[in-house]
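A quick write-up on the structure given underneath.
Bear in mind these aren't lab numbers, they're just calculated from the coordinates by the rules spelled out. Computed from a prediction, not measured in an experiment: that's the story for all the values here. Every residue, glycine among them, receives a Cβ derived from its backbone with ideal geometry; neighbour counts consider all protein chains shown.
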Amino acid sequence: MKMDVVGYFNKVAYKWDRMRKGYFGDELRELLLQEIDGFPGLIVDIGCGTGFLTIELARNAGWVLGIDPTEKMMNEAKKNASAAGVNNITFIKAAMEEIPLLSDSADMIFANMVLHHVGKPPTGLREVRRVLKPGGKLVLSDVEEHHKSWARDEMADVWLGFGLDTIREWLGEAGFTEYEVSYSGFNARAVSRSGDICEPAIFIAKAIK
Ligand SMILES: C[S@@+](CC[C@H](N)C(=O)[O-])C[C@H]1O[C@@H](n2cnc3c(N)ncnc32)[C@H](O)[C@@H]1O
């Protein structure tokens, strides 16, 4: 049975913050935040979920737009942002394949652990490039290729991670000429219902428009 991604995240939204701590930790966020140069005017957090990255981005930028197709994840993000006293975030229900922004409008775009849930990543990456300002930067983090097919049914994964060359190829196809894709130094960790462990490497892709 094909897992419905939005249905899955609506179901787990209330406990996602706890689940996420088992999958990947705050050290990944710290590494991603290091990619911010200066004080960007507008950062977009694609697939913002419950705000793991969004809230910290907002402390380092003029404004943040968090987009996610899953309403209940964003409801949690709104609660988390308000508890953190952060009020420069707009949350909009939308997907990576159709970002509700004008072309050339964002200084930076982040997408953490989103791409493996996206049906057509090349479409999403083209859309990211459209929305970035010339000179703007994409920071995309996700898992490298693995073979744990239970992740499709148990975690709504559409892709079992990605080969780094595939990511490079898609970034090139999206029109990026300046990019770098490498291992982050961290691995994710998930355990199946039957106790099988998946610990794929986490990569970071950085691209400048
Ligand atoms: C694994 S969670 C990661 C959430 C958050 N980025 C974090 O680091 O905790 C994946 C998120 O991507 C969202 N998502 C799924 N498909 C998407 C799409 N096509 N475009 C944007 N976000 C999507 C889900 O609703 C979910 O909130």
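Structure notes:
- Residue in region 95-104 that is part of a strand (DSSP E or B) and either closer than 19 Å to Pro40 by Cα or touching a residue at least 24 places away in the same chain (Cβ under 8 Å) (or both) present: yes
- Selection from region 63-109 of residues that are of a type in the set (Gly, Ala, Ser) and under 18 Å from Phe39 (Cα atoms): Gly66, Ser105, Ala106
- Of the helices (runs of 4 or more DSSP H) lying entirely inside region 1-62, the ones with 3 or more residues being over 14 Å from the mean Cα position of the chain (by Cα) and farther than 22 Å from Ala95 by Cα are found at 16-23, 26-33.
- Here Lys72 meets the list (1) more than 14 Å from Thr54 (Cβ to Cβ); (2) within 16 Å of the chain's Cα centre (by Cα); (3) near the ligand (Cβ under 10 Å from one of its atoms) almost entirely, failing just condition (2).
- Out of Val143, Val158, Val128, Val139, sole residue that is in contact with a helix residue (DSSP H, G or I) (Cβ under 9 Å, 6 or more places away or on another chain), closer than 23 Å to Ile99 by Cα and not in a strand (DSSP E or B): Val158
- Hits in region 83-100 (condition: surrounded by 12 or more Cβ atoms within 10 Å (Cβ to Cβ) and over 17 Å from the mean Cα position of the chain (by Cα)): Ala84, Val86, Asn88
- Pairs with Cβ under 6 Å, 6+ apart, first in region 5-28 and more than 15 Å from Ala77 (Cβ to Cβ) and near the ligand (Cβ under 8 Å from one of its atoms), second among the aliphatic types (A, V, I, L, M) and part of a helix (DSSP H, G or I): none
- Cβ pairs under 9 Å, 6+ apart, first in region 51-76 and without any contact (Cβ under 8 Å) to a residue 40 or more places away in the chain and over 21 Å from Asp4 (Cβ atoms), second assigned to a helix (DSSP H, G or I) and within 6 Å of the ligand (Cβ to nearest atom): Gly51/Met73
- Residue in region 171-183 that is of a type in the set (Phe, Trp, Tyr), over 19 Å from Met108 (Cβ atoms), in contact with a strand residue (DSSP E or B) (Cβ under 9 Å, 6 or more places away or on another chain) and surrounded by 15 or more Cβ atoms within 10 Å (Cβ to Cβ) present: no
- Against the numbered list (1) in contact with a helix residue (DSSP H, G or I) (Cβ under 6 Å, 6 or more places away or on another chain); (2) within 12 Å of the ligand (Cβ to nearest atom), Ile43 comes up short only at (2).
- Unique residue being small (Gly, Ala, Ser) and over 16 Å from the mean Cα position of the chain (by Cα) when the list is Gly195, Gly161, Gly119: Gly195
- So Leu53, is it under 22 Å from Lys133 (Cα atoms), within 11 Å of the ligand (Cβ to nearest atom) and buried (at least 19 other Cβ atoms within 10 Å of the Cβ): yes
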